[in-house]
């Protein structure tokens, strides 16, 4: 029993650490996508692995969702997410999500245009820098490069 106690304490500490590592992220998100898009479902699974409960909506006009969100023209991707008070467009890497929810800037949301290979939900190795943008009232500005 004495040999088991250190193992249990270490396991508990690891579990607690894992539970708080992403504490800045909201508990819930809604992901809007086209019904045929599998990479969007994969992105949702990645969010769920981070402890975010994701509701997937695939029966609404996604273009209208993007327009209502104030997404800058030409910077769209395959899915749009409402998460906390922000909109997340596309396969945004989780480092950018963490920065967004830790810093909470005065913006409508962040996005990553297109469907870059290597991002969460997109198979393959990273091939180029990912330029994550922030947007407000339909205007984009740089947020971070990964």
Just wondering, is there one or more residues in region 9-21 that are within 25 Å of residue 114 (Cβ to Cβ), more than 11 Å from the chain's Cα centre (by Cα), at pLDDT below 95 and in a loop (DSSP other than H, G, I, E, B)?
-> no
Residues of region 93-146 classified as in a strand (DSSP E or B) and closer than 15 Å to residue 71 by Cα, total | 13
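Looking at region 105-129, which of its residues are touching a strand residue (DSSP E or B) at 6+ places or on another chain (Cβ under 9 Å) and more than 22 Å from residue 49 (Cα to Cα)?
105, 106, 107, 108, 113, 129
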Failed condition for residue 64, given (1) closer than 13 Å to residue 31 by Cα; (2) more than 14 Å from the chain's Cα centre (by Cα); (3) not in a loop (DSSP other than H, G, I, E, B), with all others met?
-> (1)
Those residues of region 71-92 which are closer than 21 Å to residue 55 by Cα, touching a residue at least 24 places away in the same chain (Cβ under 8 Å) and part of a loop (DSSP other than H, G, I, E, B) amount to 71, 76, 77, 78, 79, 84, 90, 91, 92
What number of residues in region 26-83 are at positive phi and surrounded by 12 or more Cβ atoms within 10 Å (Cβ to Cβ)?
-> 2
Note down all Cβ pairs under 6 Å where the first residue falls in region 118-146 and is on the phi > 0 side of the Ramachandran plot and touching a residue at least 40 places away in the same chain (Cβ under 8 Å), the second is loosely packed, with under 14 Cβ neighbours inside 10 Å and part of a loop (DSSP other than H, G, I, E, B), and they're at least six residues apart or on different chains.
-> none
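The values are calculated or read from the model by the stated rules, or taken from the named source; none is laboratory data. In this text, all values refer to a predicted model and were calculated from it rather than measured experimentally. With ideal geometry, Cβ positions are generated from the backbone for all residues, glycine too; neighbour counts draw on all protein chains shown.
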